[in-house]
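Enquirer: Please read through the structure below; I'll follow up with questions.
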Amino acid sequence: MSPQTDYIVANGTGAAVRSDINGQLAAIVSNNSGATEPATMYAYQWWADTTTGLLKIRNAANSAWVTVGTLASANLGLLPLAGGTMTGVLAVTAGTAALPGIAVSGDLNTGIWSPAADTIAFSEGGAEAMRIDSSSRLLVGTSTSTGFVPPGELFTTAATVQVSGSGGAGSSSYQATDTNTSDYALGGSIFLNKRPNNDTGIGNGHTFGSVLFAGWDTAALRVGASIRAASDGQVWASGDCPSRLVFSTTADGASSPTERMRITQVGSIHTVSTEDNISFVTTQGAGTTYQFLRGYHSGTAGTPLSGTVSFKVFSNGNVQNTNNSYGGISDLKLKENIVDATSQWSDLKALQIRKYNFKDETGHQTHTQIGLVAQEVEFISPGLVSESPDHDAEGNDLGTVTKSVNYSVLYMKAVKALQEAMERIESLEAKVAALEAV
């Protein structure tokens, strides 16, 4: 008896009808099994295809078979609700942000979906939170990759990982936390590196990591400042990897950063500026308790503040060193137009040595001091006086100047005047000696 039938019971004798019914029951219990499809087919009809070993069901339009599973496999080769191992591809609907193709049970607007070809997106609460686009870029908080103009370049490039947020402070921030209690733990870290594809050492001066700071200039996202790590002095070799850090900013009227400071392989710091170079500020008052600057000698490599202090600049402007030695470049090979200085006697005699104190509003110490007043010195020896423009806390020019007296030059004028005094004294001593000899 064939397990397939047309499911039509024909008129006939009792035995014939019973046989026809038994045949249809056999077809039902065997899922219409057979090497070929049933001759008569119905919508949602089962067929155990013994040629392919597949269980199939007729579609709603009764126009094609839909494969359900494999006859010889447990669970028809389907993944059970309790889970299991899949050997094929799991294909799901692309979905949307509101109804992702792969969702969380009981939270159907949170999951994974595909907004475009070769793109994977992640939704939270029905809104896209993150995606990996067709260029393998990770976009967090945005669905559109934003390019930026690297320093020295004319065209934009796009970062591999982009984080965007509009919620104010911290909305587009990155945080790395290390809960390890070991002293040797790195802590939260960002690891930037470069490995040439031919596995050669990093070339001399080549960058192997950068932190770029960019902003929108009405036309493009442009880098305005950067911190860059590069090899320093040689090509890297195994166990020999000298490096430097380079800090760059962009000047007013420029479109790309310029190097402003460098920390070399040996810890030397070099800076360059088009205006004031380095400023030291302390919140403490003027005095000799706190220092702007402190210098050490005989320190230990890798141990800041080791060694012996030999130089200090205090918050009140006092300068202190161990040997009271201050010099200036004076080599003959560097000089020309060398002539004897003219008399300084009259200048020194005319200078008004004053006692004074600074005004309270200047912020300087107000104790009594002895010295000169620049405006008075100007009338006698203008070359001893210099001017510097006054600026507010933001660096804006206030339109006024502050005058200073070059005391180091004054000391040399005093030495010349002393030589003149010595000549006069020696002349007078000679005259006195001659008179006493009479």
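The values are calculated or read from the model by the stated rules, or taken from the named source; none is laboratory data. Note that this is a predicted model, so its numbers are computed, not measured. Glycine also receives a Cβ, built like all others from the backbone with ideal geometry; neighbour counts cover every protein chain displayed.
Enquirer: Would you check if there is a residue in segment 99-113 being surrounded by 14 or more Cβ atoms within 10 Å (Cβ to Cβ), of a type outside the set (A, V, I, L, M, F, W, C), out of contact with any Pro (no Cβ under 8 Å at 6 or more places or on another chain) and within 30 Å of S171 (Cα to Cα)?
Expert: Yes, because at least one residue in segment 99-113 is surrounded by 14 or more Cβ atoms within 10 Å (Cβ to Cβ), of a type outside the set (A, V, I, L, M, F, W, C), out of contact with any Pro (no Cβ under 8 Å at 6 or more places or on another chain) and within 30 Å of S171 (Cα to Cα).
Enquirer: For segment 377-401, which residues satisfy the criterion of being in a strand (DSSP E or B) and closer than 23 Å to Y326 by Cβ?
Expert: Passing the criteria: V385, S386, S388.
Enquirer: Would you say N357 is touching a strand residue (DSSP E or B) at 6+ places or on another chain (Cβ under 8 Å), within 29 Å of G327 (Cβ to Cβ) and not β-branched (V, I, T)?
Expert: Criteria not met by N357.
Enquirer: Give the residue that is surrounded by the most Cβ atoms within 10 Å (Cβ to Cβ), with candidates limited to residues of segment 114-131 that are closer than 19 Å to L90 by Cα and not aromatic (F, W, Y).
Expert: Checking each candidate, the answer is A121.
Enquirer: If the Cβ limit is 7 Å and pairs must be 6+ apart or interchain, which residue in segment 238-266 that is in the same structural domain as R195 (by TED's automatic domain parsing) pairs with which residue that is of a type in the set (D, E) and in a loop (DSSP other than H, G, I, E, B)?
Expert: Note: pairs meeting the criteria are P242/D232; S243/D232; R244/D232; T264/D232; Q265/D232.
Enquirer: Has segment 48-65 got any residue that is loosely packed, with under 10 Cβ neighbours inside 10 Å, farther than 30 Å from L25 by Cβ and more than 39 Å from the chain's Cα centre (by Cα)?
Expert: Within segment 48-65 (the criterion being loosely packed, with under 10 Cβ neighbours inside 10 Å, farther than 30 Å from L25 by Cβ and more than 39 Å from the chain's Cα centre (by Cα)), the answer is no, since none of the residues qualifies.
Enquirer: Of all residues being in a loop (DSSP other than H, G, I, E, B) and in contact with a Leu (Cβ under 9 Å, 6 or more places away or on another chain) in segment 120-136, which is nearest to A98 (Cα to Cα)? Just the residue, please.
Expert: It comes out as G126.
Enquirer: Mind listing whichever residues of segment 202-258 are within 20 Å of A158 (Cβ to Cβ), touching a Phe, Trp or Tyr at 6+ places or on another chain (Cβ under 7 Å) and modelled with pLDDT of 90 or more?
Expert: Residues satisfying the conditions are G224, A225, S226.
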